[in-house]
1. With only alpha-carbon atoms counted, please give the Rg and Dmax of the stretch B:3-299, in Å.
2. Run down the aspartates and glutamates and flag those whose C-alpha is under 12 Å from the C-alpha of A:Lys35, throwing out any fewer than 8 positions away in its chain.
3. Within a 10 angstrom radius of the beta carbon, how do A:Lys276, B:Lys113 rank from fewest other beta carbons to most?
4. At a 10 Å Cβ-Cβ cut-off, how would you order A:Trp219, B:Trp195, fewest neighbours first?
5. Order A:187-194, B:138-145, A:225-232 from most to least packed using the mean count of other Cβ atoms within 10 Å.
6. Against the longest alpha carbon principal axis of chain B, how many degrees, from 0 to 90 and to the nearest 10, is the axis of helix B:128-156 turned?
7. How high is the relative contact order of chain A, in percent, counting Cα pairs under 8 Å that sit 6 or more residues apart?
8. Considering the alpha-carbon set of the stretch B:208-308 alone, what are its Rg and its Dmax in angstrom?
Amino acid sequence: MSTYWRTFKVAAWLGWEMDSNWTEPWLFVLYSILKPVAGAFILVLMYVVFATIGNTEDPSMFAYMYVGNAFFIFVASTLFGTFQVIQSDREWYQTIRYVYISPISYYVYILGRAASKVAVATFAVVVTLAFGIAFLGVEMGLSLADVPVLVAAFVLGIAVLLAIGICLGGISFLTAKHVHGLAEGIPGLFYVFCGVLFPLSALPEWGRSVGQAIPLTYWFDLTRRILVPGTSIDRTLNAYDDLTILLLLFASSLVFFALSVIIFRIGEYVARKAGKIDMTTSY
Amino acid sequence: MTEVARRNDLRARIALNLRAMVGRAYPRVIGANREPSWIIFEAFLPLLGIAAYVFIYQALGERALANATDPAKVAEIQANTNALIASVVLGGTMVAFWLNVLWSMASQLYWEKEIGNLQLYMMAPMSRMALLGGMALGGMFMTSVRAVSTLAAGVLVFGVVYRIVDPLTLLAVFFVTLIALYGMGMMFASLYLLWGREAWHLSALMEEPIFFASGFYFPIGGLTRVPVWGSAVAIAGSFIPAGLGLDAMRQLALGPTAFGGQMWLFSVDVELAILLVLAVVFLVLARYALAYLEVLAKREGKLTSRHQ
């Protein structure tokens, strides 16, 4: 266990250094804020344009979109932070062979590398939410009694995301340099089907079923229930109470953890057998 | 040198540079197709992100329709929702080209340096502009697959209706926008060599903020509706050719009266003229930046130094 912890700590430190040591701290902070705030502003302008040309305002929908988009920063950062490790070590730094043959768990090493991305994402989410409340009039509220549920949902949500990221990492052992396509596409899948920006009811029937099969849908719904209480948006998950959703998230995190171990091991085994562990595919 | 020798020399140089362009475009056009998995990653998966923005407008439209009873108002909401979804789809095609410019043009020389190809390019006798031109042509071809699939999905899946009355001007705006965009990418390619590791982060930083400032997912004129800073952001975003190009293409594909004609930045003619100027300026700047950075990198001995 101490080896795992040491691996995690050192990998987290390495990830932090790689993410932040390219520039001055103030520039890094600006960079960490500018991207997510600009992402939020895209939604703000979409809403402004719709409201302007239609002369209709819909603050409930705006709050729904804004909070969902803020928490989606975790999805994009955590997934990217996890599955890009293999390809960046293999294709970019070409150090994978040295890390891979060292006496550590490569699975834990990847989790450690992703930790800094989760930390930066947390900062960006807090900034985005605070900006929305202070300058855009997003109607949010949080009662003290809901804090434990919010924290538990957060921990389970991140655990599911890390597990999904490792699954993708296992696949990326075998694929060419597709990190950007994956970074854009896989979060896009969750963007569409998990009720992040619009209620599931906007999707066709089959899309709703897909969304209800993804645990992140429940995480977003629970988070929004706590932060935007009393919204008039149809969430389509009204049949579940908070505790049921937490239990569902807990069960999903266990299932996805098991899946991540299996897919990671299979990817690793096939890559070793095919001699692809340290391949480079630059075109 | 005699006239004949000079003509032969010119012909030889043109042939050499054309071969270099074809050679550099080849891995992107042919080589990438040897790995068909890129179609899933580059063409299919990115559609999902665009679909999310489409569904936002659909959800907003449905909620507005739920409160509307007047048939004229219902028709207006439906027309506006269609026009906004069409704007997203057009923006989605331009996102593909912008990402290609950032990651496969601007970052490419830096990437080539990291993997050790740059010194080979520098030793080869062709013009570096031919090399970047080949990269651009290959990148445009690869990206067109994604752009076409986005447009097709817009029409077939989301039922977007376009009203194109002047297809020739639309094509002219599209190609001038691409030339200006890739010219900008060529200019950035040499600047990225200078900026080193920060280049990677700069590319990442030029995604969402540029999507926002250049109105990739909403008509850029919407920014002028935001008091105090909106117009300034819209003008700043117009320096990225995609913003003006998109505004002109939306006017040509949806009709100038879409959104009540109140969301456009300039007329199509003015935007096309600005785009032409931008295309020339970026190509000229790319030529000079490349020459300057090459000399600087050689003088400082950084042409082959990695991870800096």
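Here, each number is a calculation from the coordinates, and none is a lab measurement. Here the structure is a predicted model, which is why all the values come from computation and not from measurement. Every residue, glycine among them, receives a Cβ derived from its backbone with ideal geometry; neighbour counts consider all protein chains shown.
1. 21.1, 80
2. Output for A:Lys35: B:Glu207, B:Glu208.
3. Lowest count first: A:Lys276, B:Lys113.
4. Ranking A:Trp219, B:Trp195 by Cβ neighbours within 10 Å, fewest first, gives B:Trp195, A:Trp219.
5. By packing density, highest mean first, the sequence is A:187-194, B:138-145, A:225-232.
6. Helix B:128-156 and the main axis of chain B meet at about 20 degrees.
7. Values: 332 pairs, mean separation 78.4, N = 283.
Result for chain A is 28 percent.
8. Values for the stretch B:208-308 (Cα only, Rg and Dmax): 18.2, 58 Å.
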